[in-house]
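For reference, the structure discussed in these notes is given below.
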Amino acid sequence: MTAQTTPAYTDIRYEVDGPLAVITLNRPDRLNAWTQAMEDEMHAAMLQAEADEAVRAIIVTGAGRGFCAGADMGLLSGAAESQGTREPRAAEAVSDDNFDQKFSYMLKLKTPVIAAINGPVAGIGLCMVLFTDLRFMAEGAKLTTAFARRGLIAEHGSSWMLPRLIGNMNALELLFSGRLVGTAEAERLGLVRSLPADGFLDAVKTYARELVTTSSPRSIGVMKGQVYRAMFQNLSTAWDEANRLMVESFESEDFREGVSHFVEKRAPAFTGR
C-alpha cells in the first residue's frame with residue numbers, strides 16, 4: 001500500500017502506511033534537534049494516529065543520519081547567556097496525572113509506540129525514547145544522556161523511567177557520565193534491540209506489521225495499559241484488575257477471532273474490538 005502523507009507539520013513528517021503511522025523528526029540539517037514546535041507537532045501526530053482506527057502501531061524515527069541530537073543548542077546557549085540578566089525561570093506547570101506529562105502521555109495510548117533509532121540520540125531526544133514501548137536501534141548508532149556534561153540534571157522523567165528499564169546502577173552511571181553508548185552496549189543493558197543499519201527502517205516496519213497482524217490490537221492495547229498502571233499499583237490491585245479484564249476479553253470480537261483462526265488453521269483477521 002502506498003504511504004499517505006499529511007503535509008500539515010513543519011518539524012515532523014506524518015505518514016500512514018497500511019496499519020502503521022510513521023512520525024519522522026524532520027530537521028535533518030540540525031540532526032533533528034528538539035524544538036517546542038517539534039514537541040507540539042509530535043504530540044498532535046500521536047493523538048492523530050491514536051484516533052485513526054486503521055493505525056495499529058506508531059513508529060517514531062529521524063530524518064537523515066540522526067534520530068535526535070537533543071535540545072537545539074542555539075536555543076540553550078541563548079538561555080544560558082540571558083540567565084544572568086533576568087529572574088530565574090519558573091518551572092513549567094505540570095499536571096498531577098502520571099500519564100499526562102511531557103512524554104508520559106504516550107504510555108496511556110492504546111496504540112503501541114515503537115522507536116526506530118536510526119542514528120545519534122541525546123538529551124531530551126533520549127528522554128522521549130524512554131517512554132516508547134519498544135526501542136530498536138541501528139548498528140553503529142550512539143546514545144547519551146548528556147545532561148551532566150551541560151551542567152544540567154536528569155530532566156523530563158528520565159530519573160524515573162531509566163532505572164525502571166535498566167536498573168538503578170546502570171541508570172546512574174549513564175546519567176553521571178553522560179558518555180556515549182553504542183548499540184551493542186545499549187542492547188546488553190536491555191534498553192534497545194539491535195538491527196542492521198542497512199534497511200533499518202524497513203526492518204522495523206516489517207516487525208511492526210507482523211506484530212499487529214498476528215496479535216490482537218485489542219489485547220496489545222489492554223496489556224500495555226496493564227503494564228504501565230502496574231507501575232503505580234500493588235500486586236493485589238494489579239491481579240484484581242487482570243481478573244476483570246480477562247472476563248471482558250471473553251466478550252470481545254478479537255477473542256472469538258483468536259479462537260476461530262487457531263481452530264481453522266488460517267491467518268487471523270483481528271478487528272481490534
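Take LEU76 and decide whether it is open to solvent by 10 Å² or more (accessible area, probe 1.4 Å), modelled with pLDDT under 95 and assigned to a helix (DSSP H, G or I). Full working, then the answer.
Working: open to solvent by 10 Å² or more (accessible area, probe 1.4 Å): yes; modelled with pLDDT under 95: yes; assigned to a helix (DSSP H, G or I): yes.
Yes, satisfied.
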Within the range 187-223, how many residues are open to solvent by 50 Å² or more (accessible area, probe 1.4 Å) and of a type in the set (Phe, Trp, Tyr)?
1
All-but-one check, PRO163 against (1) without any contact (Cβ under 8 Å) to a residue 60 or more places away in the chain; (2) open to solvent by 10 Å² or more (accessible area, probe 1.4 Å); (3) in a strand (DSSP E or B), failing number (3)
Anything in the range 11-49 that is buried (at least 18 other Cβ atoms within 10 Å of the Cβ) and assigned to a helix (DSSP H, G or I)? List them, or say none.
MET38, GLU41, MET42, ALA45, MET46, GLN48, ALA49
Result of the Cβ filter at 6 Å on the range 193-220, keeping first residues that are closer than 27 Å to ASP254 by Cα and partners that are open to solvent by less than 30 Å² (accessible area, probe 1.4 Å) and polar (S, T, N, Q), at least 6 apart or interchain, is ARG218/SER252
Would you mind stating whether TYR228 is within 19 Å of the chain's Cα centre (by Cα), open to solvent by 30 Å² or more (accessible area, probe 1.4 Å) and aromatic (Phe, Trp, Tyr)?
no
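With respect to MET246, determine if the residue is farther than 20 Å from ALA57 by Cα, open to solvent by 30 Å² or more (accessible area, probe 1.4 Å) and among the aliphatic types (A, V, I, L, M). Quick ask: steps written out before the conclusion?
Values: farther than 20 Å from ALA57 by Cα: yes; open to solvent by 30 Å² or more (accessible area, probe 1.4 Å): yes; among the aliphatic types (A, V, I, L, M): yes.
Answer is yes for this residue.
Look through the range 1-34, keep the residues that are of a type in the set (S, T, N, Q) and over 17 Å from the mean Cα position of the chain (by Cα), and return whichever of them is modelled with the highest pLDDT.
Restricting attention to the range 1-34, the residues satisfying the condition of being of a type in the set (S, T, N, Q) are 2, 4-6, 10, 24, 26, 32.
Narrowing further to those that are over 17 Å from the mean Cα position of the chain (by Cα): 2, 4-6, 10.
On the way: THR2: 48, GLN4: 55, THR5: 51, THR6: 56, THR10: 94.
In this case the residue turns out to be THR10.
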Would you pick out the residues in the range 116-160 that are surrounded by fewer than 18 Cβ atoms within 10 Å (Cβ to Cβ) and part of a helix (DSSP H, G or I)?
ALA148, ARG149, ARG150, SER159, TRP160
Go through (1) modelled with pLDDT under 95; (2) surrounded by 11 or more Cβ atoms within 10 Å (Cβ to Cβ) for VAL259 and report which single condition fails.
(2)
Determine whether ASN170 is open to solvent by 30 Å² or more (accessible area, probe 1.4 Å), assigned to a helix (DSSP H, G or I) and not acidic (Asp, Glu).
yes
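The values are calculated or read from the model by the stated rules, or taken from the named source; none is laboratory data. All figures in this text were calculated on a predicted structure; none of them were measured in a lab. Methodologically, a virtual Cβ is constructed for each residue, glycine included, from the backbone with ideal geometry; neighbour enumeration extends over all protein chains shown. Side chains included, ligands, DNA and RNA excluded: accessible areas come from the protein's heavy atoms. Shrake-Rupley method; radii C 1.70, N 1.55, O 1.52, S 1.80 Å.
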